[in-house]
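I have placed the structure first, in the form of structure tokens, so that the comments after it can refer back to it.
The values are calculated or read from the model by the stated rules, or taken from the named source; none is laboratory data. Predicted, not measured: the structure shown is a model, and the values here were computed from it. Note that we place each Cβ from the backbone using ideal geometry, even for glycine, and neighbour counts take in every protein chain shown. All accessible areas refer to the heavy atoms of the entire protein, side chains included, with ligands and DNA or RNA removed. Shrake-Rupley method; radii C 1.70, N 1.55, O 1.52, S 1.80 Å.
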Amino acid sequence: MQNQKITVPIIKSRKKENKKITMLTAYGYPLAKLIDEVGVDIILVGDSLGMVSLGYESTIPVTMSEMLHHIKAVRRATRFSLLAGDMPFGSYNTFPQAIKNATKFMKAGCEAVKMEGGREIRDIIEGLTKRGIPVIGHLGLTPQRISEFGGFKIQGRGKESAEKISEDAFLLQQAGAFSIVLECIPRELAKLITEKLKIPTIGIGAGKYCDGQVLVTQDLLGFNEWTPKFVKKYTNLSEIILKALRDYKEEVMANKFPAEEHSYE
Ligand code: KIV
């Protein structure tokens, strides 16, 4: 049970305190309520929404209005966790567009926005943070660039690619980002970046040396049959749900449900 409201300064201070940051995704009211209740520091309405909840093949089709719809639902469930929203593909190509869309996120209840990219969005991040919109960066395997990468592939393995990610991390910090998600990069590179930065790193598939960890909640709950290597399934919810659904169907067919205690006299 959490009873302290998590804020941006609290997240930033975790690095000095050497206290890990926890972050999970949520797209709707019921799961967000449970995540908030257990005291996860940051709830991210990720654009993974597109693949996990809306059935798209990638995050590319996700729109601003889809994100806003889900952010509002998660906002209604969130009391203590910091609420961050993922800016969808094509919503921050220019600064005027980014400020307009990030403002919509904040008005819908976000306390921070997350954006994928390095040096190419440095000025946009600087402009947003200067206007009071806290930004979480996202480097490494950035799913909005999946076509360019040729699939969900680990990034930062070669010297050049590792140096670029590392330099980008520094540029995002300079631009005012208050933390950076590092996705699918070698753990030694994540360690190097984490040691170099003053702001916390939050890893997904980036090993244990990051200042915090994030996962897609449905992955850790075992909702999806296939999950990437870096996911630990803490339970197998799809099996549990399937059993309940089958039991319901069988009992109705056999006239066992509703029993007397489920009906009125
Ligand atoms: O979209 C998302 O859910 C994310 C996290 C997995 C970091 O970007």
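Observations
- Pair-distance distribution of region 72-120: all C-alpha pairs, bin width 5 Å, starting at 0; shares per bin in whole percent are 5, 20, 30, 22, 13, 8, 3.
- Charge context of Leu141, other residues only, Cβ under 10 angstrom, K/R +1, D/E -1: 0
- Size of electric dipole in the chain: Cβ of Lys, Arg +1 and of Asp, Glu -1, about Cα centre, debye, nearest 20: 1020
- Mean separation of Cα contacts under 8 Å, 6 or more apart, over the residue count of the chain: relative contact order %: 16
- Of the GluC sites (Glu not before Pro) found in region 1-71, the ones in coil according to DSSP and having at most 16 other Cβ atoms within 10 Å of their Cβ are Glu57.
- For region 181-231, convex hull of alpha carbons as volume per residue, Å³: 61
- Radius 12 Å from Cβ of Lys100, net charge of other residues (Lys, Arg +1; Asp, Glu -1): +3
- Taken as Cα centroids, region 146-221 and region 90-131 sit 19 Å apart, rounded to the nearest whole angstrom.
- Estimated from the Cβ-Cβ distance and a Förster radius of 25 angstrom, the FRET efficiency linking Met253 and Glu37 is about 0.10.
- Relative to one another, the C-alpha centroids of region 226-247 and region 1-53 are positioned 22 Å apart.
- Taken per residue, the accessible surface of the chain reaches 54 Å², heavy atoms only and a 1.4 Å probe.
- Set of lysines with alpha-carbon distance to Lys107 below 21 Å, sequence-local pairs under 8 removed: Lys5, Lys33, Lys72, Lys130
- Largest first, the extents of the alpha carbon coordinates of the chain on the three principal axes equal 69, 38, 37 Å.
- Selection from Met87, Phe105, His70 lying farthest towards where the dipole of region 1-110 points positive, charges on Cβ: Phe105
- Projected label distance in nm at Thr63 and Tyr29, using a 7 Å step from Cα toward the beta-carbon: 2.3
- Share of pairwise Cα separations in region 43-139, more than 24 Å, in percent: 15
- Nonlocal amide H pairs with Ala26, under 5 Å, H built at 1.01 Å: Leu44, Val45, Gly46
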